[in-house]
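The values are calculated or read from the model by the stated rules, or taken from the named source; none is laboratory data. Values in this document were obtained by computation on a predicted structure and should not be read as measured data. Counting neighbours? That spans all protein chains shown, and the Cβs are built from the backbone with ideal geometry, glycine included.
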Amino acid sequence: MGRGKKRKNYYSDFKKDKRWRGVLDVGMKGFMCACNLRIKECIREAYNLLNEYADKLEPQAEVLPEDQEDESLEDELERELKDMRQKPSQKKFQAVETGGDSTVFISSTFEDPVKLARNIFEDIYTSKQNKTRFLLRLIPVQVTCKAYIEDIRKAADAMFDEPFKCQPLSFNVYYKARRNNSVVRTEVLSAMVTLVRDRNMEHKVDLTNPDKTIVVEITKSVCCLSVVPEFYKYRRYNLAEAAKGDALKANVDDSLQDAEDCSALKNAEDEVAIEEREKVDNVENGGKNVENGSDRDGNGNASGVNESTPEIVECGPEGDLSSLKTPVVDLDINKTVVS
């Protein structure tokens, strides 16, 4: 009996074939999309939704050259195929691989991803009509960096001036990590609170209804950062939940993050407040040197010196005071005399 022929696989595994996509990397901006394992359908819905609202915000009137006004159907098809084969970096929206099973990143050349996402969710929230089936979340990302605490702090410091150099407001930090155990959650939360309070000391942490939310999404070795408004109004930028509008009020369990995040944010805010109070106290006390343990009272005298006990010094050979270089304090006239 002969060996049977191996059946040819005409249909390649879509999940394993990643040649059509790039990889999430540093220096990108766009949208982090969450789906229910139907990545192909999720990407198609994300493209349709983003292009629809991007054209409303930035309408582009296509003007054909004179030589293309009378082009044939074949020439028009050839031109469209050429546009479809353009490089991913030249496209307005392009899906890239994140390394997660239920997430995909849509890199974008759109100027302000937060503005585009807010227009999408405001329309869905007011109309109460969900426009997607497989696309669950659409979170805008303003910058990506390496998933190290110093890189995260540096990237956040560069983008926090615009949203937080303003009048006092409330803020919160939403933290999410996938396939990464090297970044410490409490360090990131503490760094974000410190950077925000550096812009304005009157900014306060609000865990229920903040004015702005700092979104920190870490996937493997890349961190995605953004500052978004009305994060909990749009149900953490969940498309299906946002379509319910006011019919479903966000309760405490839905608005708050887990207990670890809540306690970490409060502890970080308390630590920053303690440091600020210590700085103010040091300035008010004349900048006393705490490290050397020196302190002075209101008359300028050293509080740690006993005035009734004079300092004992050694004289030179045979009682010669000419070799004495140690200052001698005359306690009667409160001045220093150098022999």
Selection within the range 32-58 - assigned to a helix (DSSP H, G or I) and within 12 Å of Phe105 (Cβ to Cβ): Ile39, Cys42, Ile43, Ala46
Consider Val26 carefully, then state whether it is in a loop (DSSP other than H, G, I, E, B), at pLDDT 85 or above and β-branched (Val, Ile, Thr). yes
Taking Ser12, is it over 28 Å from the mean Cα position of the chain (by Cα), at pLDDT 60 or above and outside the structural domain of Glu111 (by TED's automatic domain parsing)? no
Can you report the number of residues in the range 215-236 which are within 23 Å of Asn180 (Cα to Cα) and either outside the structural domain of Leu138 (by TED's automatic domain parsing) or in contact with a Lys or Arg (Cβ under 6 Å, 6 or more places away or on another chain) (or both)? 4
Residues in the range 172-181: is at least one surrounded by 15 or more Cβ atoms within 10 Å (Cβ to Cβ) and either free of Cβ contacts under 8 Å to residues at least 12 places away in the same chain or not in a strand (DSSP E or B) (or both)? no
Within the bounds of the range 257-270, is there any residue that is of a type outside the set (Gly, Ala, Ser), within 19 Å of Lys176 (Cα to Cα), at pLDDT 95 or above and not in a helix (DSSP H, G or I)? no
Test: Thr109 is at pLDDT 75 or above, within 26 Å of Lys233 (Cβ to Cβ) and of a type outside the set (Asp, Glu): no
Unmet criterion (only one of (1) buried (at least 17 other Cβ atoms within 10 Å of the Cβ); (2) touching a residue at least 40 places away in the same chain (Cβ under 8 Å); (3) not charged (D, E, K, R)) for His203: (2)
So, in the range 130-162, of the ones that are assigned to a helix (DSSP H, G or I) and touching a Leu at 6+ places or on another chain (Cβ under 9 Å), which residue ends up farthest from Ala117 (Cα to Cα)? Arg153
Whichever residue in the range 132-148 is surrounded by 16 or more Cβ atoms within 10 Å (Cβ to Cβ) and more than 20 Å from Phe231 (Cβ to Cβ) and, among such residues, is farthest from the chain's Cα centre (by Cα): Phe134
For the range 42-77 the number of residues that are modelled with pLDDT of 90 or more and touching a Leu at 6+ places or on another chain (Cβ under 8 Å) is 7
